[in-house]
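Asks: One structure, pasted below without further comment.
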Amino acid sequence: MSTAARCPALVVAACASGQGKTTVTAALARLHARKGRRVRVFKCGPDYLDPYWHGLASGAPVEQLDLWMTGAEDCAARLHAAALDADLLLIEGVMGLFDGADSVADLAARFAIPVLAVVDAWAMGGTLGAIAHGLKTFRPGLPWAGVLANRVAGEHHARLLQDGLREASDWLGALPRLAGEGGGPLLPERHLGLVAAHELPDALARLDMAADALAATPLGQMDTAALGRFAVEFAAQPQADAPPLLAGRTVAVARDAAFAFIYPANLQTLTALGARLAFFSPLAGDRLPACDAVWLPGGYPELHAEAIAANRALRADLCAHVVAGRPIWAECGGMMALAESIALPDGRELPLWGLLPGRVTQQQRLAGLGPQQLALPQGVLRGHTFHYSRFDSLARVATRTARPGQGVASDAGEAVYRQGSLQASYFHAWFASSPVATAALFGGLA
């Protein structure tokens, strides 16, 4: 019988985006993993890219926590399971501590997890004290760990920052400005977020640099006993078993640098539904494995359009799959790869697989962002959208997604295109939010 689990835990939050939450979370995970401690990292909200860094730093899978998208019960179950065999849990927040309807502060308060506030103090002195005081007291009763100043110029700057705090115990240290090779950002970015850790040959060295810097702070010098002050008790959370609606069926999953946006929980849901998973790499020239259904996840097809188009054998396999009436679910980048062509910001237009009529236009400005839900006859899938491209298509729009609280469909939601057994959308689904609806996407209720 499952029982409560007690484990030190921290929510790494900030007053806004861009303060250094990801760097601090990954550095803390790497520092303790190097000491042989078992570290589990979670990421608040939808995010495919930060988890690559946290997984490398901790040596363990990284999962999502979101009170709306994944649900409070799902969060409780994942935290409890991790706490059963971990020495430290780290939860990286998203945006600012109090931003959004289901904020990071809401999550921290619900599970009584202390908040570590990261503040970019590069151009700041005693004002750090006001920011720390505001974050700490704005919501009465918020569990609190302290503040870590980021991008600090030196010892004198650190003393000015520390002296500005109302309570000495709030000070957890200062990190200097850390840079990668050539003076660029330690964790470089592109249009959808951080460059994934596996794309940089020196990714682990970058994390070690951050961990070494953190080791000189009061936070980094905490041993197992000292971390006990952040211990949290996580209650057991019973979970209903998913019905075996995909038993005996094989789902082929594209997985490589162009199709990399895959939540581990989505794979877990497919497996729990009884599916056998067969992974393939379009960029490596793989053919479509023998399968009953296909999942084309999101990623960066715009960076690999020529290689995608060059895999003509796979294109033929996908066409035959649709002609045979077998389902394909394509999300965001997966949908883009199925278009006829893509127009890039540099003026080039490149062909793609052409299973869906229409043209993708990659642009510099954001085209879609935020939580979304997709209502299907079998249930409502929760998820999100985040893209910098437009898809102009004559394919039939079977339905649209909606924002939370806006009903089952909205003209402002993402289109869900349907062409025979192929369904595609910019919508990224969290499969665990409705296993039955997920099974329907992959033909499990046919």
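The values are calculated or read from the model by the stated rules, or taken from the named source; none is laboratory data. This one's a predicted model, so the numbers in the text were calculated from it and none came from an experiment. Methodologically, a virtual Cβ is constructed for each residue, glycine included, from the backbone with ideal geometry; neighbour enumeration extends over all protein chains shown.
Asks: Going through 424, 440 one at a time, which residue ends up being outside any loop (DSSP other than H, G, I, E, B) and surrounded by 22 or more Cβ atoms within 10 Å (Cβ to Cβ)?
Replies: 424
Asks: If you don't mind, there's one more thing I want to ask. Given the structure, is residue 421 in contact with a Leu (Cβ under 9 Å, 6 or more places away or on another chain) and either outside the structural domain of residue 100 (by TED's automatic domain parsing) or not basic (Lys, Arg) (or both)?
Replies: So residue 421 fails the test.
Asks: How many residues are in contact (Cβ under 8 Å) with a residue 40 or more places away in the chain, crowded, with 16+ Cβ neighbours inside 10 Å and touching a Leu at 6+ places or on another chain (Cβ under 9 Å) if we restrict to the range 102-123?
Replies: Residues flagged as in contact (Cβ under 8 Å) with a residue 40 or more places away in the chain, crowded, with 16+ Cβ neighbours inside 10 Å and touching a Leu at 6+ places or on another chain (Cβ under 9 Å) within the range 102-123 amount to 13.
Asks: Checking the conditions here, which among 236, 213, 205 is assigned to a helix (DSSP H, G or I) and in contact with a strand residue (DSSP E or B) (Cβ under 9 Å, 6 or more places away or on another chain)?
Replies: Going through 236, 213, 205 in turn, just one is assigned to a helix (DSSP H, G or I) and in contact with a strand residue (DSSP E or B) (Cβ under 9 Å, 6 or more places away or on another chain): 213.
Here is a yes/no grid of residues against (1) in the same structural domain as residue 118 (by TED's automatic domain parsing); (2) surrounded by 21 or more Cβ atoms within 10 Å (Cβ to Cβ); (3) under 15 Å from residue 39 (Cβ atoms):
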{"residue": "53", "(1), (2), (3)": "yes, yes, yes"}
{"residue": "64", "(1), (2), (3)": "yes, yes, no"}
{"residue": "73", "(1), (2), (3)": "yes, no, no"}
{"residue": "77", "(1), (2), (3)": "yes, no, no"}
{"residue": "84", "(1), (2), (3)": "yes, no, yes"}
{"residue": "90", "(1), (2), (3)": "yes, yes, yes"}
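Asks: Only residues that are closer than 23 Å to residue 444 by Cβ, in contact with a helix residue (DSSP H, G or I) (Cβ under 8 Å, 6 or more places away or on another chain) and part of a strand (DSSP E or B): list them for the range 375-409, please.
Replies: Passing the criteria: 376, 379, 380, 381, 382, 383.
Asks: Next up: If you go through the range 231-252 one residue at a time, do you hit one that is at pLDDT 95 or above, acidic (Asp, Glu), within 29 Å of residue 107 (Cα to Cα) and surrounded by fewer than 21 Cβ atoms within 10 Å (Cβ to Cβ)?
Replies: Yes, because at least one residue in the range 231-252 is at pLDDT 95 or above, acidic (Asp, Glu), within 29 Å of residue 107 (Cα to Cα) and surrounded by fewer than 21 Cβ atoms within 10 Å (Cβ to Cβ).
Asks: Could you tell me which of the residues 139, 177, 159 is assigned by TED's automatic domain parsing to the domain that holds residue 208, more than 13 Å from residue 121 (Cβ to Cβ) and among the basic types (Lys, Arg)?
Replies: Answer to the check: 139.
Asks: Is it the case that residue 390 is modelled with pLDDT of 95 or more and under 24 Å from residue 48 (Cβ atoms)?
Replies: no
Asks: Could you tell me whether any residue of the range 213-220 is of a type in the set (A, V, I, L, M, F, W, C) and either loosely packed, with under 15 Cβ neighbours inside 10 Å or farther than 15 Å from residue 20 by Cβ (or both)?
Replies: yes
Asks: Which residues, taken from the range 345-399, are within 29 Å of residue 269 (Cα to Cα) and polar (S, T, N, Q)?
Replies: Once the filter is applied, which keeps residues that are within 29 Å of residue 269 (Cα to Cα) and polar (S, T, N, Q), the range 345-399 yields 372, 373, 378, 385, 389, 399.
Asks: Are any residues in the range 124-135 touching a Lys or Arg at 6+ places or on another chain (Cβ under 9 Å) and either crowded, with 18+ Cβ neighbours inside 10 Å or modelled with pLDDT under 95 (or both), and if so, which ones?
Replies: 129, 132
Asks: If you take the residues in the range 1-45 that are surrounded by fewer than 16 Cβ atoms within 10 Å (Cβ to Cβ) and either assigned to a strand (DSSP E or B) or of a type in the set (Val, Ile, Thr) (or both), which one is farthest from the chain's Cα centre (by Cα)?
Replies: Across the range 1-45, the extreme among qualifying residues is 3.
Asks: Let me ask you something else. Could you please let me know if residue 44 is under 24 Å from residue 259 (Cα atoms), in the same structural domain as residue 224 (by TED's automatic domain parsing) and hydrophobic (A, V, I, L, M, F, W, C)?
Replies: It is true that residue 44 is under 24 Å from residue 259 (Cα atoms), in the same structural domain as residue 224 (by TED's automatic domain parsing) and hydrophobic (A, V, I, L, M, F, W, C).
Asks: OK, next. I want to confirm something. Restricting to the range 365-374 and keeping residues that are outside any loop (DSSP other than H, G, I, E, B) and either modelled with pLDDT under 90 or not assigned by TED's automatic domain parsing to the domain that holds residue 309 (or both), which single residue is surrounded by the fewest Cβ atoms within 10 Å (Cβ to Cβ)?
Replies: 369
Asks: Criterion first (touching a Pro at 6+ places or on another chain (Cβ under 7 Å), assigned to a helix (DSSP H, G or I) and of a type in the set (Phe, Trp, Tyr)) does residue 53 satisfy it?
Replies: When the stated conditions are applied, residue 53 does not pass them.
Asks: Filter the range 167-212 down to residues that are closer than 26 Å to residue 135 by Cβ and free of Cβ contacts under 8 Å to residues at least 40 places away in the same chain and give me whichever is surrounded by the fewest Cβ atoms within 10 Å (Cβ to Cβ).
Replies: 168
Asks: Further, regarding this structure: Would you tally the residues in the range 138-182 being assigned to a strand (DSSP E or B) and within 20 Å of residue 105 (Cβ to Cβ)?
Replies: So the answer is 7.
Asks: On to the next question. Take the residues of the range 56-76 that are aliphatic (A, V, I, L, M) and in a loop (DSSP other than H, G, I, E, B): which is farthest from the chain's Cα centre (by Cα)?
Replies: 60
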